[in-house]
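Notes for the one structure printed next.
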Amino acid sequence: MTSRTFWAPHAWIDGQWQADVRLDVEDGIFMALASSIARSTIPQAEILAGPVLPAMVNAHSHAFQRAFVGLAETRNNAEDDFWSWREKMYAVARRITPDQLQAIAAQLFLELLAGGYTHICEFHYLQHAPDGTAYADPLTMAWAIRAAADEVGVGTTMLPVLYAHAGFRTTGLRAEQQRFKTDARWVADAHAGLAARTTPMHAAGVALHSLRAAHAQDCRDLLTHVAAHTPIHIHVSEQVAEVDESLAVLGTTPIDWLASHIGLDPRWHLVHATHATAGEVQAVARAGAAVVLCPTTEANLGDGWTDGLAWRDAPIGLTLGSDSQVCRSWTEEIRCFEYGQRLRVRQRNIGATPPGQVATADAWFTRFMGAGARAAGLPAWGLRPGARADFIVLDQEAAALEREPPLWLSGLVFGGHTNAFADVYVAGERRVHGGTHPRRQAIRKRFRSAMKELF
Ligand SMILES: [Zn+2]
């Protein structure tokens, strides 16, 4: 067993800054945390130079889409929307090899780590060879992503995706979707294969791509294979067209249909839920299900703004996802989300509730940490005993931290134009030091050659 003791001048514990903090770690897991401990009383402690924040779970990622960032920002049609973006994205998805995927994922994970995410829930639907035939090891693409995570030193929760149909009214997939083709049995086997190699760094769950791609029987079949604690993720209510089709074909809106025909419970993580109705928000709360918001992707794709006040006021676990990878920083995700809500309702400080008691950035940070452990299928998350020792050491000299501790998160989210994350630790090991990663050059080089081959 490896035991390490750290000491930090400040750490964010139980939703607030505490001073003179001792952090005890055994085999990469927090054993105990205590504040008001004089540094001189623990001479053996490793000193963390700045304030310590818990790292964030990235609850929704498609690693391969990092290859595509910045390449769909020109309008080629009279109307450019999610559906025209998807055609361009498929062009990349059709070609990418396992080696290229590993190179791209490593670059992505490096950037996410520098942006303060240390665990990535990978919503994984690129399963087969480009022509749709199975790889000799059906998990070839999943292992490529895990290998990238191991090289960088981040954790993953692989979510093999059930992807069976091209639309609500269509049976089967289009030619360009054959790489994604799975059914409930395939996903259950993939989950079993991934779960057999569970470690403190790597977990597994399952996903349904959407109600377009997984019809009623697919959902029911998958649930027969899923254990009581396994996270289930699904894209839902992201697009107005999806909601309209759900109304036409299923007779109700997608979240309502899930709640009433399949049954939601605390295993479920609804990704986007952008167009949820007030009734659906209540149904999610009643079921104890959680919601994954992906603000910069939803903005980039023109999906629409969700009713952030409804999510804020409901007792629902929330997380953030980087999704299409246009942004790899949770501070920017929180800023984008809050600004979108401000523009929507023409008010300020939407997240700060109850008024006068909490700063907006503090409130959203606490909320978006809330369902991280559950989304990732981990026993605990954050600066607490039993959680993996993942944390960020802030640069004490950064402009964002020039005021007193109660304003540090406000500075990071609303005032920071440079990354104030000096060091990032995963399982008690320092992976980013002084803002850089030891394998940065090698990973960048492989990423560049993969991009050259792809484009
Ligand atoms: Zn997604």
For the subset of the stretch 178-208 comprising residues that are in contact with a His (Cβ under 6 Å, 6 or more places away or on another chain) and buried (at least 21 other Cβ atoms within 10 Å of the Cβ), which member is nearest to His272 (Cα to Cα)? Ala207
Can you tell me which residue within the stretch 284-309, out of those that are outside any loop (DSSP other than H, G, I, E, B) and closer than 21 Å to Ser260 by Cβ, is nearest to the ligand (Cβ to nearest atom)? Val291
Every residue from the stretch 108-126 that is outside any helix (DSSP H, G or I) and within 15 Å of the chain's Cα centre (by Cα): Gly115, Gly116, Tyr117, Thr118, His119, Ile120, Cys121, Glu122, Phe123, His124
Among the residues of the stretch 321-344, which ones are within 11 Å of Pro295 (Cα to Cα) and either in contact with a strand residue (DSSP E or B) (Cβ under 6 Å, 6 or more places away or on another chain) or of a type in the set (Lys, Arg) (or both)? Gly321, Ser322, Asp323, Trp330, Glu333, Arg335
If you take the residues of the stretch 368-385 that are part of a loop (DSSP other than H, G, I, E, B), modelled with pLDDT of 95 or more and small (Gly, Ala, Ser), which of them is surrounded by the most Cβ atoms within 10 Å (Cβ to Cβ)? Gly382
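Hey, any hits in the stretch 168-178 for a residue that's under 28 Å from Pro379 (Cα atoms) and either at pLDDT below 95 or touching a Ser or Thr at 6+ places or on another chain (Cβ under 9 Å) (or both)?
no
Just to be sure before I move on: is Ala420 in contact with a strand residue (DSSP E or B) (Cβ under 9 Å, 6 or more places away or on another chain), among the small types (Gly, Ala, Ser), on the phi < 0 side of the Ramachandran plot and surrounded by fewer than 22 Cβ atoms within 10 Å (Cβ to Cβ) in the structure I sent?
no
In this structure, is Gly372 within 30 Å of Asp423 (Cβ to Cβ), under 19 Å from the mean Cα position of the chain (by Cα) and not aliphatic (A, V, I, L, M)?
So Gly372 fits the description; yes.
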For the condition touching a residue at least 60 places away in the same chain (Cβ under 8 Å) and either under 20 Å from Glu245 (Cα atoms) or more than 20 Å from the chain's Cα centre (by Cα) (or both), what is the one hit in Leu270, Leu301? Leu301
Go through the stretch 229-240 and give me each residue that's modelled with pLDDT under 95 and farther than 18 Å from Val284 by Cα. Gln239
Among the numbered conditions (1) of a type outside the set (Asp, Glu); (2) more than 17 Å from the chain's Cα centre (by Cα); (3) part of a helix (DSSP H, G or I), tell me where Leu264 comes up short. (3)
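Does Ser246 satisfy being polar (S, T, N, Q), within 16 Å of the ligand (Cβ to nearest atom) and touching a Pro at 6+ places or on another chain (Cβ under 8 Å)?
It is false that Ser246 is polar (S, T, N, Q), within 16 Å of the ligand (Cβ to nearest atom) and touching a Pro at 6+ places or on another chain (Cβ under 8 Å).
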Only one of Leu320, Leu343 is farther than 18 Å from Gly70 by Cα, touching a Phe, Trp or Tyr at 6+ places or on another chain (Cβ under 9 Å) and more than 16 Å from the ligand (Cβ to nearest atom); which? Leu343
Find all pairs meeting these conditions: Cβ atoms under 7 angstrom apart; at least six residues apart or on different chains; first residue within the stretch 87-99 and over 13 Å from Ala63 (Cβ atoms); second residue of a type in the set (Asp, Glu). Tyr90/Glu176; Arg94/Glu176
Only one residue in Thr157, Thr118, Thr140, Thr133 is touching a Cys at 6+ places or on another chain (Cβ under 7 Å) and either within 16 Å of the ligand (Cβ to nearest atom) or of a type in the set (Ser, Thr, Tyr) (or both), so which one is that? Thr157
Filter pass, Ala273 being surrounded by 19 or more Cβ atoms within 10 Å (Cβ to Cβ), within 24 Å of Gly370 (Cα to Cα) and either away from the ligand (no atom under 16 Å from the Cβ) or not β-branched (Val, Ile, Thr) (or both): yes
Checking the structure you have, find out if any residue of the stretch 394-407 is surrounded by 15 or more Cβ atoms within 10 Å (Cβ to Cβ) and without any contact (Cβ under 8 Å) to a residue 40 or more places away in the chain. yes
Filter the stretch 44-78 for residues that are among the hydroxyl-bearing types (Ser, Thr, Tyr) and either within 16 Å of the ligand (Cβ to nearest atom) or touching a Phe, Trp or Tyr at 6+ places or on another chain (Cβ under 7 Å) (or both) and give the result. Ser61
Report, by residue number, each residue of the stretch 67-107 that is of a type in the set (A, V, I, L, M, F, W, C), surrounded by 13 or more Cβ atoms within 10 Å (Cβ to Cβ) and over 23 Å from the mean Cα position of the chain (by Cα). Ala91
What's the number of the condition Gln100 fails, among (1) assigned to a helix (DSSP H, G or I); (2) within 16 Å of the ligand (Cβ to nearest atom)? (2)
Against the conditions (1) under 24 Å from Val271 (Cα atoms); (2) touching a residue at least 40 places away in the same chain (Cβ under 8 Å); (3) of a type outside the set (Lys, Arg), where does Asp183 fall short? Just the number, please. (2)
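The values are calculated or read from the model by the stated rules, or taken from the named source; none is laboratory data. Keep in mind that this is a model prediction, so the values were computed, not measured. A quick note on method: Cβ atoms are made from the backbone with ideal geometry, for glycine too, and the neighbour counts reach across all protein chains shown.
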